[in-house]
Amino acid sequence: MLKLILAAVLAFGAPAALKAQASFKMLAPAQGYALYNAREYPVMLSGAVFSFGMSSVHLKLYQGYVKSTNALLQRLKELEGENKTASPEYAELKRRFGWEFNGMRLHELYFSNLGAAPLPAGSSLRAALTAQYGTFEAWEASFQALAQLRGIGWAALVYDAPAGRFHNVWINEHDGGVPAGTTVLLVLDLFEHAYMYDFQTDKLRYARAFWAAVNWAEVQKRFGK
């Protein structure tokens, strides 16, 4: 996977020095160096949320992000051990890390906020959203409007704890658009692989199906109040 990443970087005119270093042998992790493990999401394969076919494809893509995150961490550690932190390869892989890591973590947040558990009428999250938006339904309409924007990315509800405010935000390409210091409470994957298999180009129908399947107990837990 990482070789494909490097090939893509090179295809866009990477320096000759990086081309010379682009081929490397993956080594076993150093002792005590923990890697990430792909998590399991039985609800996604149950057919209760989306079809088994679409969910299988989606989970396989997520596993690829986990593998790529681990590969990047290993290679960066190798380069640091070889005192090559000034190399173009190190610089490009450092820049790439946030994209792969967020691709992994946003998928985990997405899968785990599915499962069709209702949000109680008296929940603190519902009360806080109502206080800011006037009604819970007004916030919902804002989030649904966000989900219909053109393009690929993620629709997310984030919470700015220092200010006590919520924001519905568009996250573009995993690593662009997450307001620093906020907590992601609810996230909707809007890359085509997340819905084309079951819904074709009907993003509205996908967004409604997602809404019906939200695990509000998990979202409330992330809010933590």
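Only the coordinates and a few stated rules stand behind these numbers; no lab work does. What you see is a predicted model, and the numbers here were worked out from it, not measured in a lab. Note that we place each Cβ from the backbone using ideal geometry, even for glycine, and neighbour counts take in every protein chain shown.
Worth a mention:
- Label zone at Arg39, where the point sits 7 Å out along the Cα-to-Cβ direction: segment 84-109 residues whose backbone N lies under 14 Å: 102-109
- Taking a ≥ b ≥ c as the square roots of the eigenvalues of the Cα gyration tensor, segment 124-223 is classed as prolate, since a/c reaches at least 1.5 and a/b is larger than b/c.
- Spin-label model, Arg150/Gln63: points 7 Å from Cα along the beta carbon direction are separated by 3.6 nm.
- The order of Val178, Val43, going from fewest to most other C-beta atoms within 10 Å of their C-beta, is Val43, Val178.
- Going from the residue with the fewest nearby Cβ atoms within 10 Å to the one with the most, Trp211, Trp139 rank Trp211, Trp139.
- With the cut-off at under 19 Å, measuring from each backbone N in segment 36-55 to a point 7 Å along the Cα-to-Cβ line of Ala217 picks out 40-50.
- Leu119, Leu190 arranged by Cβ crowding within 10 Å, fewest neighbours leading: Leu119, Leu190
- 3J(HN,Hα) couplings calculated from phi for segment 174-185 with the Karplus curve 6.51 cos²θ - 1.76 cosθ + 1.60 (θ = phi - 60°) are, in sequence order, 6, 9, x, x, 8, x, 4, x, 8, 9, 6, 9 Hz; Gly and Pro show x.
- Stretchable slack from Arg205 to Arg165, in nm (0.36 nm times residue separation minus alpha-carbon distance): 11.5 nm
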